Amino acid sequence: MKRHPRLRTLPLLLAGLFVTSATTAATLDAPAPTIDQASADSAATPAAPMQQVQVTATHLKSARSELSPSIGTTVYSIDKHMVEMLGQGDDTPFSEVLLRLPGVTQDSKASGSIHVRDDHGDVQYRINGVQLPESITGFGQSIDTRFVEQTDFITGALPAQFGLRTAGIVDIQTKEGTTKPGGQIGVLVGGHDYVAPSAEFFGASGAFNYYLSGSYLSNGMGIENPAPSTNALHDRTRQGKTFGSLSYFVDDNTRLGLLFGTYNGAFQIPDNPGQVPAFSLTGQSDAATGSTALPSSQLNENQREVNRFFVLSLQKSLGDLNYQVSAFHQYSELHFTPDALGDLIFNGVASDTLRSNSANGVQFDLGYKLNTNHMLRAGLAYTRQTTQSDNSVAVFPTDASGAQLGTNPITISDNSGKTGTLASIYVQDEWHISKPLTFNYGLRFDQVSAFTDEQQLSPRLNLAYKLSEATALHVGYARYFTPPPQELAAQASIDKYANTSNAPQVGVSADVKAERTHYYDVGLSHQLDSHWSVTADAYYKKIADLLDEGQFGQALILSPFNYEKGFAEGLELSTIYSATRWGSFLNFTTQKAQGENIISGQALFGASELAYIANHFIYLDHDQTYTVSGGAHYRFGDSQLSGDFLYGSGLRRTPIGAAPNSGTLPSYVTLNMALTHTWKTTPVGKVEGRLALINAFDKSYLLRDGSGVGVGAPQFGARRTMYAGLSTSF
């Protein structure tokens, strides 16, 4: 039987590798070799066991793909060739790679980095079919782009297999070992003292194959600058990442796999010069006169982040029956160290914050081809998390009105912990009603027991109809259940801060609840000719207990809270043109998201702010009305010239005296350019050189201005930066 094609769009395969939806599944199941690998494999005659590994790997990779359906969704695919056209290549932060997709909005690192379809967070990362737990550090930044072979970005009304984090599914297929051992060593340097060495090694021996990578980054622009200057004050970062993928093929139908990764990051929190002291500290500052011995340009706040994980998987293919069972462990930790004097002078609070999260769990997915018309899938997942929050908080004593009573601080110990569980089970049927029509329907049950104890049974319905060989339509409905992220939802004892400079205006803070959503999605894709395709997708979300997150305090830790109700709606348009030597893409997104009445975490807000939101719908702080991204490349000989741009109409802000989030920041456009050249034959192997210019016109633009619901300090986008790199493959 000819399998009904998935409705997929590929707006970013700009290296002349665009494939139609009718051939997508088959084409993307096998890894695309590099030019050198392809020629070497065809010229040599490998030993029989190694060839068996390669054939078996492709067979099992295809079987694993069948466990993750995308019928009736919108899928945008990014492969390693697209990453190569970006200015920093493999050194491009993974979150910035995702910014080239429709429906993805840029934000600052302190506020969540990216947003998908007007959600805050709610993005699920899967590596080789296994969902990874969330980390305090924000796993999107922990992913090293260089180990990614291909990413499928899935949005819309998702099948029953996908739950908990549902704004977007980032489904990563990693690089794997090949029959010819090899690797790559490179370094990228640039402005702001940017230095990033990296290495990759891969190979196979009999039934065993391996891929290992590591990278290090040091620069002077770790977090967005709170001032419009070219260089930030006190903004150095050091980050190290490692990743490994090991596979052992027991036989042609059985694979044991081990994935592991680590991330270590150290950040200086950038200083914002010219701030006026808000509190008096003995021997250091006088708030009445505005004098201080420690100016805000000399503060020394720091943050350290750690994330590590491993996943052990068994995959089995038995003809019409395929399954994968995985066990995983993940640990993350964040430690914010304040400036002991400066934070008291300017904020009245100096909090030494250590937060950790440890998660262990299992995941099981099964697919069974019942007959030519029905593909059954089922699975379950269970995660147990332990979160610990330790805080040593220095504050000033105050009277009932909040006026400072003394100039010597006191220290409050505020520690808490929580062990919680997440459990999910699903079943679904992919029903091929006729050659052009496929109906994917299922049920999913999720339960959370942590800061909240809730559960939900969620139906999923997806219909895909191929109107012609060139045109496909999908319609979907999904009921979503999104629990609050346990690793962020540490509840403070607000009573401890009574009559101190850290006392909230509102003396109540209800526990965060799970979000519940009715999600409707419709999309259309059309292949104009063999080179040019267009896609359109519209969605609407009706939301109860809408989850949002904000930065409250100096530490770059987000805190979740709920609006009683809300909605989000949007339209995405995408087009791609791909030819032999050149290609281009263009994405347009318009969206709107609002919420009313904050019903949890109330102590995080001001009293007047809460009173207004109680009976008014307001824009969410991360809402951006228009986002446009695009790019093009041209190949000539062994060189490639590429460029891309990003336009944003501006996130929300709160003008002085106006309603919360009622204003918008100014719009901005950034342009990036890159030139690469490859020397295929040198004494040290294939060598690639790279020159890149990021924000070529040196535009100074605001991502945040420090106002808005749950917004911390101002953040400006990075100024113009030039990069140069060399790498050699062997």
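The values are calculated or read from the model by the stated rules, or taken from the named source; none is laboratory data. Note that the structure is predicted; figures quoted are calculated from it, not measured. All Cβ positions, even for glycine, are placed from backbone atoms using ideal geometry, and neighbour counts span all protein chains on display. To get the accessible areas, we keep the full protein, side chains included, count just its heavy atoms, and leave off ligands, DNA and RNA. Shrake-Rupley method; radii C 1.70, N 1.55, O 1.52, S 1.80 Å.
Residues in the chain average 38 Å² of solvent-accessible surface per residue, probe 1.4 Å, ligands and nucleic acids excluded.
For the pair L314 and V669, label points projected 7 Å from Cα toward Cβ lie 5.8 nm apart. When E96, E333 are compared by accessible area of protein heavy atoms, the largest-first order is E96, E333, using a 1.4 Å probe.
Net charge around S662, counting only other residues with Cβ within less than 9 Å of its Cβ (Lys, Arg = +1; Asp, Glu = -1)? In short, +2. Between the residues A614, Y701, T166, the greatest Cα displacement towards the positive end of the dipole of the chain, with unit charges on the Cβ of Lys, Arg, Asp and Glu, is found for T166. In the chain, a dipole from Cβ-located charges (positive for Lys and Arg, negative for Asp and Glu) runs towards its positive end, and of S296, P485, L334 it is P485 whose Cα lies farthest in that direction. Which of the following values of P(r) over Cα pairs in 20 Å bins from 0, in percent was calculated from the structure shown: (1) 15, 40, 35, 9, 0; (2) 17, 52, 27, 4, 0; (3) 16, 40, 24, 13, 6, 1, 0? The value computed from this structure is option (2). Label-to-label distance, A340 versus L437, with points set 7 angstrom from Cα along the beta-carbon direction: 7.3 nm.
Figure note: T386, T575 ranked by solvent-accessible area, largest first, 1.4 Å probe, ligands and nucleic acids not counted: T386, T575. Annotation: extensible slack from N371 through V508 equals 43.6 nm (criterion: 0.36 nm per residue apart, minus Cα-Cα distance). When the pairs K109/K496; K466/K565; K109/K513; K80/K542; K175/K542; K80/K680 are compared against a 28 Å limit on Cα-Cα distance, K109/K496; K466/K565; K80/K542; K175/K542 fall above it. Can you bin the stretch 148-279 into rounded, prolate or oblate? Criterion: square roots of the alpha carbon gyration tensor eigenvalues sorted a ≥ b ≥ c, rounded for a/c under 1.5, prolate for a/b above b/c, oblate for the rest. Oblate, because a/c is 1.5 or more while a/b does not exceed b/c. Projecting the Cα atoms of Q527, W582, A603 onto the charge dipole of the stretch 517-605, computed from C-beta unit charges around the Cα centre, puts W582 farthest toward the positive end.
Please compute one quarter of the surface area of the Cα convex hull for the stretch 402-521 and express it in square nanometres. Across all orientations, the stretch 402-521 yields a mean hull projection of 12.0 nm². Here the chain is treated with +1 on each Lys and Arg Cβ and -1 on each Asp and Glu Cβ, and its dipole about the Cα centre works out to around 1640 debye.
The distance between label points at T386 and L321 comes to 3.7 nm (points 7 Å beyond Cα on the Cα→Cβ vector).
Surface calculation, 1.4 Å probe, protein heavy atoms: W679 sits at approximately 120 Å² accessible. Applying 1/(1 + (r/R0)^6) with R0 = 30 Å to the Cβ-Cβ distance of N302 and S493 gives a FRET efficiency near 0.70.
Considering all projection directions equally, how large on average is the shadow of the alpha-carbon convex hull of the stretch 157-208, in square nanometres?
7.5 nm²
What does the C-alpha gyration tensor say about the overall shape of the stretch 527-605? Classify as rounded when a/c is under 1.5, otherwise prolate if a/b is larger than b/c, or oblate. Cα axes put the stretch 527-605 in the oblate bin. A straight chain from N253 to Y634 at 0.36 nm per residue would run longer than the Cα-Cα distance by 133.0 nm. Note on the chain: with neighbouring protein chains present and a 1.4 Å probe, carbon and sulfur make up 60 percent of its accessible heavy-atom surface.
Relative to the longest principal axis of the Cα atoms of the chain, the long axis of helix 48-65 makes an angle of roughly 60 degrees.
Between H329 and K592, full extension at 0.36 nm per residue minus the direct alpha carbon distance yields a gain of 91.0 nm.
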